[in-house]
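Report on the following structure.
The values are calculated or read from the model by the stated rules, or taken from the named source; none is laboratory data. Everything numeric in this text was worked out from a predicted model, so none of it was measured. When we count neighbours, we look across all protein chains shown, and the Cβ atoms used for this are built from the backbone with ideal geometry, even at glycine. Accessible surface is based on the protein model in full, side chains and every heavy atom, while ligands, DNA and RNA are left aside. Shrake-Rupley method; radii C 1.70, N 1.55, O 1.52, S 1.80 Å.
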Amino acid sequence: MPKTSRRTGSFGESVIRGMTRIASQCDAINLSQGFPDFDPPEPVLRAAERAAREGPHQYAVTWGAPNFRAALARKQSRFMQIPLDADDNIVVTCGSTEAMMVSMMTACNPGDKVIIFSPFYENYAADAILCGAIPIHVELRPPDFSFDPDELRRAFELGTKALVLCNPSNPSGKVFTRDELLFIANLAEEFDAFVLTDEVYEHIVYAPHQHTYFASLPGMFERTFSCSSLSKTFSMTGWRLGYIIASLAVINEARKVHDFLTVGAAAPLQEAAVTALELPDSYYQELQTLYTEKRTLFLRYLDDAGLHYTEPDGAYYVMVDISEFGWKNDTAFCEWMAREIGVAAVPGSSFFHEPVNHLIRLHFAKRSETLKAAGERLLELRNKASKVSANGAP
Ligand SMILES: Cc1ncc(COP(=O)(O)O)c(C=O)c1O
């Protein structure tokens, strides 16, 4: 029997998907994997019905259907404040997941170093390993998740080829300030590195915080792969529609990688999603209001439950500090919590390169009823977790 590659042996199965399985086994409310339990906007659903009847049903242009790219170029030019050309600056991908993978494969040679802030969305380290790059982790220190400028500079000094920037950030909820981004931009310029951004939460930012597109900073468009998707903005994580926005020189290379990886994103869904991309600006304001209300509702429950957490500035996750309960193993804690409290969370250690195991991540992209039900269950967490810990928790 031949052996499978060393590459696949160097990382495990997704912890988040694993927690989702445990949640369904024990009928827990799943606040681990970050997807909404509500549908995309009604006009988009109607467009999907039309596309199912009328097509297209065959391959789209590999780097994206022309009408999808045109609508996307109009929307992103508006929000990013960069004039984008639908033919020259866009590759449509299967989610931001593929966009990030294609970007890393396009930017890096095997052996190149890639800076990944820690904690990080778990795909990035796997992306780096899959394309033979070496992750260099730079800490975002809890509870406020700021970085040490000297540590970041030292990471660039290693001859780094690219930096991964998840902004707004999963899991920490950090929204990088313009000054922090300018600091990163200066280092990228000085050390001639690419920046691969993952901006899937670009439209989920809580006032007074504001999202700054890295590519919009002076001189940064040429060295940035701006990755994002429709998954979170339009509550359609299953449609698998994402994209890379970059200069023509970069896009020409990225198109080839994308073509050989997946050929293209689903043609009928691109057709239907044009309706989403053409929604007026009021849609984005309503989305902000919706998530602001969800955050307020959920954080109030955490307060009532006496839990300590870092308030997120963007995205829809909150990191809760479980150190007071005295558990040594956050994965054991999350499994116990799913079974005994009936709420599934992700152990924070799966996001950190450093040995951090006192945090768990919950998400609040759920209907109010779901959040209230989860919140009620969490009111018991403190009491029950402390009792288990008094009896010698794992
Ligand atoms: C930071 C981040 N990037 C990418 C993704 C996946 O995005 P997509 O559905 O566009 O592949 C997620 C999903 O949770 C995420 O949190």
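Hull surface divided by four, with the convex hull built on the Cα atoms of the stretch 68-159: how many nm²?
For the stretch 68-159, averaging the hull's shadow over all directions gives 7.6 nm².
Charges on Cβ only, +1 for Lys and Arg, -1 for Asp and Glu, centred on the Cα centroid of the chain; of 145, 312, 326, which one is farthest towards the dipole's positive end?
326
Please give the charge dipole size of the stretch 290-341, origin at the Cα centre, charges +1 on K and R Cβ atoms and -1 on D and E Cβ atoms. Round to the nearest 20 debye.
It comes to approximately 140 debye.
Mind checking the alpha-carbon convex hull of the stretch 328-394 and giving the volume per residue in Å³?
75
Give or take rounding to whole Å, what are the principal axis extents of the alpha carbon atoms in the stretch 220-364, in descending order?
53, 36, 32
Percent antiparallel among DSSP beta bridges with both residues in the chain, to the nearest 5?
Of those bridges, close to 50 percent are antiparallel.
Give me the extension gain from residue 144 to residue 191: residue separation times 0.36 nm, minus the current Cα-Cα distance, reported in nm with one decimal.
So the chain would gain 14.2 nm between residue 144 and residue 191.
So what is the orientation-averaged projected area of the stretch 226-297, using the convex hull of its C-alpha atoms, in nm²?
Over every viewing direction, the Cα hull of the stretch 226-297 projects on average to 6.1 nm².
I need to check one value: relative contact order of the stretch 182-317, counting alpha carbon pairs closer than 8 Å and at least 6 residues apart, in percent.
Rounded, it is 26 percent for the stretch 182-317.
Any idea what the relative contact order of the stretch 240-384 is, in percent, if you count C-alpha pairs under 8 Å spaced at least 6 apart?
Over the stretch 240-384, the number comes to 23 percent.
Computing the accessible area with a 1.4 Å probe over protein heavy atoms, can you report the carbon and sulfur percentage for the chain?
Within the chain, the accessible surface is 51 percent carbon and sulfur.
Using only Cα atoms, locate the centre of the stretch 67-122 and the centre of the stretch 1-55, then give the distance between them in Å, rounded to an integer.
One Cα centre to the other: 21 Å.
Counting only heavy atoms of protein chains, what accessible area per residue, in Å², does the stretch 222-352 have with a probe of 1.4 Å?
Roughly 35 Å² per residue, with all protein chains present.
What distance in nm separates the two pseudo spin-label positions at residue 321 and residue 79, each 7 Å out from Cα along the beta-carbon direction?
Rounded to a tenth, the inter-label distance reads 3.3 nm.
When the Cα centres of the stretch 260-337 and the stretch 191-232 are compared, how far apart do they sit, in Å?
18
Just the accessible area per residue of the stretch 1-49, please: how many Å² with a 1.4 Å probe?
Result: 66 Å² per residue.
Can you count the Lys pairs in the chain with C-alpha separation below 18 Å, eight or more apart or on different chains?
Lysine pairs satisfying the spacing and distance rule in the chain number 10.
To check my understanding: the extent here is largest minus smallest coordinate of the Cα atoms along each principal axis. What are those three numbers for the chain, in Å, largest first?
For the chain, the Cα spread along each principal axis is 62, 57, 52 Å.
Find which of 32, 117, 206 sits farthest along the positive direction of the dipole of the chain, computed with +1 on the beta-carbon of Lys and Arg, -1 on that of Asp and Glu, about the Cα centre.
Towards the positive end, the residue furthest out is 32.
So for each of 20-27, 327-334 I average, over its residues, the number of other beta carbons within 10 Å; can you give me the resulting order with the highest mean first?
Sorting 20-27, 327-334 by mean packing, highest first, produces 327-334, 20-27.
If you filter the stretch 1-101 for chymotrypsin sites (Phe, Trp or Tyr not before Pro), then keep DSSP loop positions with at most 16 other Cβ within 10 Å, what is left?
Filter output for the stretch 1-101: 11, 38, 59.
Projected onto the charge dipole of the stretch 47-131 (+1 at Lys/Arg Cβ, -1 at Asp/Glu Cβ, origin at the Cα centre), which of 47, 99, 72 gives the Cα projection farthest towards the positive end?
The listed residue farthest towards the positive side: 47.
Does anything in the stretch 292-332 have its amide N under 15 Å from the 7 Å Cα→Cβ label point of residue 383, and if so which residues?
Of the residues in the stretch 292-332, 304-307 have backbone N under 15 Å from the label point off residue 383.
How large is the convex hull of the Cα atoms of the stretch 1-159 per residue, expressed in Å³ as a whole number?
Each residue corresponds to 242 Å³ of Cα convex hull volume.
Taking the Cα centre of the chain as origin, work out the dipole magnitude from +1 charges on Lys and Arg Cβ and -1 charges on Asp and Glu Cβ, in debye rounded to 20.
It comes to approximately 920 debye.
How large is the charge dipole for the stretch 113-185, taken about the Cα centre, if only the Cβ atoms of Lys, Arg (+1) and Asp, Glu (-1) carry charge, to the nearest 20 debye?
That gives the stretch 113-185 a dipole magnitude of about 180 debye.
Averaged across orientations, what area in nm² does the convex hull of the alpha carbons in the stretch 125-244 project?
8.0
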